[in-house]
Each structure stands twice: as structure tokens, then as C-alpha cells.
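Here's the structure, in C-alpha cells; my notes come after.
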Amino acid sequence: MSDGRSSLDRLAGRPILAFVAHADDCALFIGGTIRLLADAGCPITLVRFTDDCTDSDGLDPSETIRRNDRELQEACEILGIRHRHDLGYPSDTLGDVRRGELREHAIRLIRQVRPYAVLTFDPYARFGEDNQDHIRIAQEVDEAFWTSMFDKHHPEHLQAGLAPHGVVERWYFGRRVTEPTDVIDISAAMPAKTEAAVAHRTMMGNLMRQLTLMGRTAEVDSDWLGGVLGDQDAIVRRMVGHSTTEAFRVVRFSGFAALFDDAPRHRTIPDAARTDAARTDAASTPDASPRPPTSERPDLNGSA
Ligand SMILES: [Zn+2]
């Protein structure tokens with residue numbers, strides 16, 4: 001088991017792509033690691049498959065989308081995420097999407113962003129996973145890792161000017177990662193992770209509502225419920241502060257890592273430049289716009 005330090009060093013300065021289902025997934029599952037990677041000079045692109053139209057309490061879907069979008073933008077700024085792609089599927093419906101459709105999005109984005117490493121849900125971390133949005137992304141991105149290298153998968157991408165691309169490292173995360181290889185110490189990034197989670201006020205408000213409903217069913221004293229759950233930020237801070245680590249199952253070179261152990265490498269980002277990149281990135285937070293220009297947003301054909 002690695003403490004993750006050398007794994008983070010391998011990724012320093014390299015482009016990173018993260019696939020999530022929902023606005024709060026990044027902060028809650030991998031927020032600490034993402035902040036550490038941003039501090040190490042990694043340009044990070046976040047892909048959110050859904051629009052989170054269902055995740056609020058007492059708001060209509062359009063207002064829910066608007067607030068969750070804004071709060072995700074806040075979280076991205078806190079975590080140092082430079083680019084964001086929203087695929088816009090209605091939340092809690094990915095289980096109904098035709099097989100292969102999510103995979104095509106993932107292949108195209110891998111070919112566009114050309115990341116060194118991809119972070120996504122672990123298709124084998126299903127024990128305790130009750131969300132089909134997470135499960136379907138895990139399954140379809142897992143196939144995109146190798147199909148994105150095939151020239152006969154989605155040749156229309158190649159005709160549009162994209163090229164096959166090989167992701168070197170897969171970083172799988174989840175509620176309970178099966179056989180984790182790396183447990184990242186995120187102590188230094190805890191303030192950012194916590195504040196990014198707190199920024200999701202609408203989604204966390206809906207979580208408080210769910211806790212209240214279960215508490216009522218369990219006949220918990222209503223004054224106690226109102227008092228404890230009424231302080232939403234305190235509950236979120238307690239929930240996030242529960243652990244100062246994030247666990248991943250890391251797979252390198254699709255399991256062929258030993259083949260490359262002694263291979264000569266020619267890094268395009270020398271160590272000194274990577275350090276400079278990290279400093280520049282940390283100093284330019286206001287410039288870390290998480291909203292890509294319109295031209296950078298993916299084609300949403302048939303996705304909504
Ligand atoms: Zn989620």
C-alpha cells in the first residue's frame with residue numbers, strides 16, 4: 001500500500017481528467033487529492049455527466065439546476081479546477097441511458113483533453129454504492145480507457161480532428177474502494193475540501209432533509225433534529241472532517257506497468273518547470289475559471 005506521495009509526484013504538472021456524476025461528487029470523494037494535484041501544477045478538467053436537476057429540497061428543477069451549477073463553480077474555484085464540462089443529463093437517470101452512449105462521451109473527452117491520468121468511480125466498488133449514476137459512469141468510463149486508443153472506435157472523432165489517446169494512470173475512487181493501492185494523505189488540503197463541500201449548500205440542504213425524514217421515522221425528538229440538523233455547515237464539516245485520507249485503486253499502463261519500469265523517458269515538463277507551474281497556479285486562483293468558453297463545451301447531441 002502506497003501513502004500516495006510518490007503517486008502524486010508522478011502526476012505533478014500533468015493534465016488530469018476527472019469524471020463524476022454530480023456536482024458534489026468531486027468535493028466529497030476526491031476534493032483533497034484534486035486540490036493537491038492543482039497545487040502540483042496539474043491542469044485539471046472536471047466532467048459532470050448530470051445537471052443535478054433533482055438534488056434540492058423545495059425548489060423547482062430549473063432553480064435547482066441554476067443553484068447547483070453556481071455552487072459547483074464556487075467549489076471548482078476552491079479546488080483549483082481550471083476547466084469544466086457539463087454533459088447535462090437529468091440527474092438520477094443515467095441507469096436508463098442506452099449502453100455505450102456515456103462511453104462515447106468519455107472516449108471523446110479523453111481524446112480532447114489527452115490526460116495523463118483519469119480519476120473516476122471504481123466499477124468494482126459497488127458494495128455500499130446505491131447510485132446508478134455512479135455505477136454507470138464507472139462501467140462506461142472503464143471501457144473508454146482502452147477503446148479511446150482504438151482507431152476503429154468512433155472514427156467520427158478522428159474525422160473531426162481528434163486522435164486516439166492512451167491514458168497512463170487510472171485512479172478509481174468510490175464509497176468503498178475494492179483493494180485500494182494508494183491512500184492519499186490530504187491533511188494539507190482539508191480546508192479546501194471542507195469549504196468546497198460546504199459550498200454545495202443546495203445539495204447539502206437536501207441531505208439534511210433526508211436525515212430529518214429518517215430521524216422522524218425513527219421517532220427522534222423533533223427539537224433535537226431541528227437543533228442538530230439546523231446547523232448544516234457544522235454537519236458537513238463534521239462529515240468531511242471524519243477522514244484526512246482519500247483511497248484509490250490505481251492502475252498504471254493498463255496493468256503493463258512493469259514493462260515500462262526501466263524505459264528511458266523524456267519528460268516534457270522538467271522538475272523545475274513543474275515547481276514553477278505549481279507556484280503560478282497557486283498564485284492565480286482568480287484566473288482559474290472553471291467555466292470553459294462555449295467552444296470548449298462538448299456537443300450535447302441527444303444527451304438531455
Ligand atoms: Zn454523486
Name every residue in region 5-18 that is closer than 29 Å to M204 by Cα and away from the ligand (no atom under 16 Å from the Cβ), in order of residue number. I16, L17
Which of the residues that make up region 109-147 are in a helix (DSSP H, G or I), of a type in the set (D, E), in contact with a Gly (Cβ under 8 Å, 6 or more places away or on another chain) and within 15 Å of R170 (Cβ to Cβ)? E140
Neighbours by Cβ (under 7 Å, 6+ apart or cross-chain): first from region 4-31, touching a residue at least 60 places away in the same chain (Cβ under 8 Å); second away from the ligand (no atom under 13 Å from the Cβ) and basic (K, R): A12/R274; G13/R274; P15/R114; A27/K193; G31/K193
What is the residue count in region 19-39 for residues that are within 11 Å of the ligand (Cβ to nearest atom) and of a type in the set (G, A, S)? 3
Let me spell it out: the conditions are (1) touching a Leu at 6+ places or on another chain (Cβ under 8 Å); (2) within 16 Å of the ligand (Cβ to nearest atom), and D51 meets all of them except one. Which number is the exception? (1)
Would you mind stating whether A106 is within 16 Å of the ligand (Cβ to nearest atom), crowded, with 19+ Cβ neighbours inside 10 Å, assigned to a helix (DSSP H, G or I) and in contact (Cβ under 8 Å) with a residue 24 or more places away in the chain? no
Please indicate, with yes or no, whether at least one residue in region 123-143 is of a type in the set (G, A, S), away from the ligand (no atom under 15 Å from the Cβ), within 17 Å of the chain's Cα centre (by Cα) and buried (at least 20 other Cβ atoms within 10 Å of the Cβ). no
Note on region 40-66: residues among the acidic types (D, E) and surrounded by fewer than 20 Cβ atoms within 10 Å (Cβ to Cβ) are D57, D60, E63
Would you check if there is a residue in region 69-77 being surrounded by fewer than 21 Cβ atoms within 10 Å (Cβ to Cβ) and within 16 Å of the ligand (Cβ to nearest atom)? yes
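Bear in mind these aren't lab numbers, they're just calculated from the coordinates by the rules spelled out. Computed from a predicted structure; not experimentally measured. FYI the Cβ positions are ideal-geometry reconstructions off the backbone, even for glycines, and counts take in every protein chain you see.
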